[in-house]
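Enquirer: I'd like to ask some things about the structure below.
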Amino acid sequence: MTAAAARGGAPPAVQSLARERLHAALRSATLLIGLAILAFWSLCALFGARLAPQDPYADNLLATLAAPSAAHWFGTDQLGRDIFSRVIMGARDILIVAPLATLLGTVAGTALGLCVGYFKGALDDVVSRIIEALQALPLVIVALLALAAVGTSNATVVLVIGFVFTPLIARTIRAAVLVESDMDYVAAARLRGDGPLAIMFIEILPNVLPIAAVEMTVRLGYAIFFVASLSFIGFGIQPPSADWGIAIAENYSLIGSYWWTVLFDAAATASLVIGVNLVTDGLQSVFDP
Amino acid sequence: MNSGGAVPRHAEAQDTAALCIEHLDVLYRVGRRERRVLTDLNLTIRRGESYGLVGESGCGKSTAAFAAIRYLARNGVVSAGRILVDGRDLMALSPPELRRLRSESVSMVYQDPGRALNPTLRIGRQMAEVFEVAEGLRGGAALERAAEMLARVQIPSPQRILRNYPHELSGGMQQRVVIAMALSTNPALLILDEPTTGLDATVEAEVLDLISRLHAEFSNSILFISHSLPVVARMCDRVGVLYAGELVEEGPAASVFGDPRHPYTVGLMRCVPAYGRRKNQGRLESIPGFLPTPGSITGRCVFVDRCGNATERCRGEAPPLIDLGGRVTRCFYPERAQELPLQRESAAAALSEPPAAAPPSSPQPSSSTHLSSSPQPLLRARNLCKTYHVAGKALQAVHAVTLELWPGETLGLVGESGSGKSSLAKLLLGLSTPDAGSQLELAGEPLPPRAGERTRAQLKALQIVFQNPGSALNRSQTVRRLIGRSLRLVGLVGRAREVRLRELAASVRLTLRHLDEKPRQLSGGLQQRVAIARAFAGGPRVVVCDEPTSALDVSVQSAILNLLVDLQAELEVSYIFISHDLNVVHYLSDRIAVLYLGRLVEIGPSEAVFSGPHHPYTAALLSANPAAGAGAAGRIRLTGELPSALKLPTGCVFHTRCPRKLGSICELEEPPLHAAGDGHGIRCHIPAAELAAPV
């Protein structure tokens, strides 16, 4: 009966897990709407210059603060620039800075969380207390101080937000690594002489990556909001960018009479954050129904 | 005390069964697909009867139980059939009626009592609630009834237990509380879903005794669900064998187990190592193939793919339940069931025929052979101690264990949870550091205590097969990678590594196709084969098997045990085999060590440990074995709780539960390990000769 052992097979249900997830993803309205919003803003960021009907940087002192009309769908600002074109162009910087900052925070946080969770002991005690101390401070204040010290540019904003996010992500990853390092496969790796680096990055890391990915999408929403806030107070993206946060800062004193100068930029920021959050929720429900 | 429960029910109700399931089909909706888990299930439990439902995991036992109280998971649907509980049609009941039925007529006891009890409420509060809801009692009166119920399940001081939280009780105690709650309303039907699976052998024996006695006292009907044939055989009047969602055989317990008429029942019974059977008396039987996905087989017999008796007729039409007079079977050839051909394993096994050298029945085959062939033990532990520090207190997990392992032998480690079996294994492997003064030697050379300090050769020599392959195999790696990474230890790369990998896979009967799959795509048995291949990758000299089959079904268990025996015969590896299943340990082991609270209480050749004289604890363990078939009078039951390892008893640690305690000497002096014959040692103040005599 040689066939007996050879007949071993996986239940068909398991093999199609990836396909089942794809089907679930295609049925998830939350995910699809979120992706549509993200795709829209990504297109604006990539091809904004060609999509914008007018030059977003061109002043027109004859048409300042014009209300929305057929010529200017979203009206014009104090310098007579077309707000519709500026909203489209405004997606570019924030969609570069926020994802890069999130990526940096996720990579650094995952590495830190892996080390702390794997070695435990004194290292864990020290790092965890530092993380808690950092978390006790308002993040915006920490970021402001850091930016004031190193100067403001897109690169420093990425670094600072990445730095601020690192402990948050490290905490989540640490908790997951604590669970993983109690698993027997880690003991098995030690018994074949694998060193700590090999165990952390080859054995454990792939199993905590899904958690890191979810954490990253959650953080991306925060990062967008964070960048917009920093830009609003002048420490984020710098003019002459058409960034939404800057536009809101420049015009919010006019909100009583010229609402269109603020509303569309604010709505754009909100829609991007909502889009990211919808994708996060959608992904979570697909992977963890 | 309200003795209403003991009075037989009204005579006119005798004709209505406690549970009657007719032509029941249950589906689960997964995504858009429907999976049928129960097909045309018919069963009737008469009043006062105890009915056992047996089968392996995934065959629909629990689904049947949940359907019987209409409490299926959200995606479960009863698509056909009727369920009558106490004569009432369950599907026709309105939600309030259903709630009333559940509170009055049916009770259920689950496998894990820790999850059945609310951790934030005291036992008293949880139990009183039953009486408040069912009988409208209030406050003190309800608590009083709760205390009465606890007394009836033989809980020593009910008033104290009522004030406890669930986590303050042991598993056995928790399960008694759950059983007491279930019986509080004196239900017509009591459903027990694997009630003792999570418990230790001696505790299981006690709980089973309790259930039997309560059954006699309350005369409820019982639906007893279990994967364990010996347990069901002991507990039930009638049994049903479930396979892939169909009842394949049903009848009185004695006739189903004594004279099975379905090949699946025959196969299941052959898989379990019989009481007292040894590895040199031949291989264990296994059932080839895998349980089919429920509902995937239509128009033919569900068991046809794994059946040695199958004919064209079995492939072309589904057999109906055939009445054999008082019992039924779903097989065209019931008279041939017991002629089921013996299962020969695959070609790979043929490469290394079972040890031809093993003499059929020489009394002590191995314990004498290895002594002559090898002058020194392979692994030696002296005075091995491990103390953990928990909140400033010392917890002795392992205390002064001295043992030797000879080349090619299997040392069985037996003991209940908390006895230090796994802690001892970890110490030997270097996964935890022993206390100062402990000594380890490998082939005469001192062995560093930590895995990180050991040389490659030493690491290679000592490997482990863990209990739970789900945790032992990295879920993100393919089988090829899982085994391949261990081959690096022997310095194999490239082509040579691939060749060796294929050899290894073949030696554990994995096919090439499996190499590219990930653990979750494999069944539990296949996963454990991967874990075994990994342990053997470096050519180990000692493999610790930590309950390697306890997470597996019986039909798979025997195949894994056979594999371990084959590999040992072929490679002359030594095993330290940890298990709570005495029949399995007995089957596999040349010598057996019994642990209690981290101390070695008995060690010796397998036959001597089983035949006696026994340490009183070993005697209780052996007597708890449901397959041992000891009459109720001959059973030794331990009383009292396992002491906390944080507050060990003085003197002999077993004196608090020992049925043969001598007196103050046991409380004051730790007994020495007395010699009781050839290599047999017993740690007891009672001399071996006296221990051999019955109590």
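The values are calculated or read from the model by the stated rules, or taken from the named source; none is laboratory data. Since this is a predicted model, take the numbers as computed values, not measurements. Cβ sites come from the backbone with ideal geometry, for glycine too, and all protein chains shown count toward neighbours.
The rows are residues; the columns are (1) under 21 Å from the mean Cα position of the chain (by Cα); (2) surrounded by 24 or more Cβ atoms within 10 Å (Cβ to Cβ).
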| residue | (1), (2) |
| --- | --- |
| A:GLY80 | no, no |
| A:PHE84 | no, no |
| A:LEU95 | yes, no |
| A:THR102 | yes, yes |
| A:CYS115 | no, no |
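Enquirer: Take A:LEU137 and decide whether it is over 20 Å from the mean Cα position of the chain (by Cα) and without any contact (Cβ under 8 Å) to a residue 40 or more places away in the chain.
Expert: Spelling it out, A:LEU137 is indeed over 20 Å from the mean Cα position of the chain (by Cα) and without any contact (Cβ under 8 Å) to a residue 40 or more places away in the chain.
Enquirer: Scan (1) touching a Lys or Arg at 6+ places or on another chain (Cβ under 9 Å); (2) closer than 22 Å to B:VAL594 by Cβ for the single condition B:VAL203 breaks and write down its number.
Expert: (1)
Enquirer: Across the stretch B:417-439, which residue is farthest from the chain's Cα centre (by Cα) among those that are crowded, with 22+ Cβ neighbours inside 10 Å and away from chain A (no Cβ under 14 Å)?
Expert: It comes out as B:PRO434.
Enquirer: I'm trying to understand the selection: among the residues of the stretch A:19-74, which are surrounded by 17 or more Cβ atoms within 10 Å (Cβ to Cβ) and among the β-branched types (Val, Ile, Thr)?
Expert: A:THR30, A:ILE37
Enquirer: Checking A:GLY113 against (1) farther than 29 Å from A:LEU209 by Cα; (2) of a type outside the set (Val, Ile, Thr); (3) touching a helix residue (DSSP H, G or I) at 6+ places or on another chain (Cβ under 6 Å), which test does it fail?
Expert: Just one mismatch for A:GLY113, condition (1).
Enquirer: A further question follows. Do we find that A:SER42 is away from every other protein chain (no Cβ under 14 Å) and either in a helix (DSSP H, G or I) or modelled with pLDDT under 85 (or both) in this structure? Quick ask: steps written out before the conclusion?
Expert: On the way: away from every other protein chain (no Cβ under 14 Å): yes; either in a helix (DSSP H, G or I) or modelled with pLDDT under 85 (or both): yes.
Against the criterion (away from every other protein chain (no Cβ under 14 Å) and either in a helix (DSSP H, G or I) or modelled with pLDDT under 85 (or both)), A:SER42 qualifies.
Enquirer: Return the pair list, or none, for Cβ contacts closer than 9 Å from residues in the stretch B:65-77 that are modelled with pLDDT of 85 or more to residues that are among the β-branched types (Val, Ile, Thr) and surrounded by fewer than 20 Cβ atoms within 10 Å (Cβ to Cβ), at least 6 apart or on different chains.
Expert: What qualifies is B:ALA67/B:VAL78; B:ARG70/B:VAL78; B:LEU72/B:VAL78; B:ASN75/B:VAL30.
Enquirer: Can you tell me which residue among B:ARG456, B:ARG502, B:ARG513, B:ARG481 is surrounded by fewer than 17 Cβ atoms within 10 Å (Cβ to Cβ) and at the interface with chain A (Cβ under 7 Å from one of its Cβ atoms)? Outline the logic, then answer.
Expert: Details: B:ARG502 fails: at the interface with chain A (Cβ under 7 Å from one of its Cβ atoms); B:ARG513 fails: at the interface with chain A (Cβ under 7 Å from one of its Cβ atoms); B:ARG481 fails: at the interface with chain A (Cβ under 7 Å from one of its Cβ atoms).
Selected residue: B:ARG456, the only one of B:ARG456, B:ARG502, B:ARG513, B:ARG481 that is surrounded by fewer than 17 Cβ atoms within 10 Å (Cβ to Cβ) and at the interface with chain A (Cβ under 7 Å from one of its Cβ atoms).
Enquirer: Hey, among the residues in the stretch B:194-225 that are of a type in the set (S, T, N, Q) and either in contact with a strand residue (DSSP E or B) (Cβ under 6 Å, 6 or more places away or on another chain) or farther than 21 Å from B:GLY171 by Cβ (or both), which one's surrounded by the fewest Cβ atoms within 10 Å (Cβ to Cβ)?
Expert: Keep residues of the stretch B:194-225 that are of a type in the set (S, T, N, Q), which gives B:196-197, B:202, B:212, B:219-221.
Subsequent filtering for residues that are either in contact with a strand residue (DSSP E or B) (Cβ under 6 Å, 6 or more places away or on another chain) or farther than 21 Å from B:GLY171 by Cβ (or both) retains B:219-221.
Working: B:SER219: 17, B:ASN220: 23, B:SER221: 24.
Out of the qualifying residues, it is B:SER219.
Enquirer: Within the stretch B:440-452, identify whether any single residue is touching a residue at least 12 places away in the same chain (Cβ under 8 Å) and either farther than 21 Å from B:THR402 by Cα or facing chain A (nearest Cβ under 8 Å) (or both), and answer yes or no.
Expert: Looking through the stretch B:440-452, at least one residue is touching a residue at least 12 places away in the same chain (Cβ under 8 Å) and either farther than 21 Å from B:THR402 by Cα or facing chain A (nearest Cβ under 8 Å) (or both).
Enquirer: Let me ask something additional. Working only within the stretch A:241-256, note down all residues that are surrounded by fewer than 19 Cβ atoms within 10 Å (Cβ to Cβ) and assigned to a loop (DSSP other than H, G, I, E, B).
Expert: Answer for the stretch A:241-256, where residues must be surrounded by fewer than 19 Cβ atoms within 10 Å (Cβ to Cβ) and assigned to a loop (DSSP other than H, G, I, E, B): A:ILE255, A:GLY256.
Enquirer: Return a yes/no flag: does the stretch B:287-308 have any residue that is away from chain A (no Cβ under 14 Å), buried (at least 24 other Cβ atoms within 10 Å of the Cβ), farther than 26 Å from B:LEU563 by Cα and within 21 Å of the chain's Cα centre (by Cα).
Expert: No; the residues of the stretch B:287-308 include none that is away from chain A (no Cβ under 14 Å), buried (at least 24 other Cβ atoms within 10 Å of the Cβ), farther than 26 Å from B:LEU563 by Cα and within 21 Å of the chain's Cα centre (by Cα).
Enquirer: Okay, moving on. Output the number of the condition that B:SER170 fails; it satisfies all remaining conditions of (1) buried (at least 22 other Cβ atoms within 10 Å of the Cβ); (2) of a type in the set (S, T, N, Q); (3) closer than 18 Å to B:ILE123 by Cβ.
Expert: (1)
Enquirer: Turning to a different aspect of this structure: How many residues, within the stretch B:654-695, are of a type in the set (A, V, I, L, M) and in contact with an Asp or Glu (Cβ under 8 Å, 6 or more places away or on another chain)? Give the derivation first.
Expert: Narrowing the stretch B:654-695 to residues of a type in the set (A, V, I, L, M): B:662, B:665, B:668, B:673, B:675-676, B:682, B:686, B:688-689, B:691-693, B:695.
Narrowing further to those that are in contact with an Asp or Glu (Cβ under 8 Å, 6 or more places away or on another chain): B:682.
Final tally of qualifying residues: 1.
Enquirer: (1) touching a Pro at 6+ places or on another chain (Cβ under 9 Å); (2) crowded, with 21+ Cβ neighbours inside 10 Å: which one isn't true of B:ARG234, the others all being true?
Expert: Against the list (1) touching a Pro at 6+ places or on another chain (Cβ under 9 Å); (2) crowded, with 21+ Cβ neighbours inside 10 Å, B:ARG234 comes up short only on (2).
Enquirer: Tell me the helices (runs of 4 or more DSSP H) entirely within the stretch A:125-199 that contain at least 3 residues that are over 30 Å from A:ILE94 (Cβ atoms) and either within 14 Å of chain B (Cβ to nearest Cβ) or of a type outside the set (Ser, Thr, Tyr) (or both).
Expert: On the way: elements: A:139-150, A:154-181, A:184-191.
Correct list: A:154-181, A:184-191.
Enquirer: Shifting gears a bit: In the stretch B:302-323, what count of residues is obtained for those that are outside any strand (DSSP E or B) and out of contact with any helix residue (DSSP H, G or I) (no Cβ under 6 Å at 6 or more places or on another chain)?
Expert: Taking the stretch B:302-323 and keeping what is outside any strand (DSSP E or B), we get B:302-321.
Next, from what is left, pick out any that are out of contact with any helix residue (DSSP H, G or I) (no Cβ under 6 Å at 6 or more places or on another chain): B:302, B:305-306, B:308, B:311-313, B:316-321.
Going through the stretch B:302-323 one residue at a time, the tally reaches 13.
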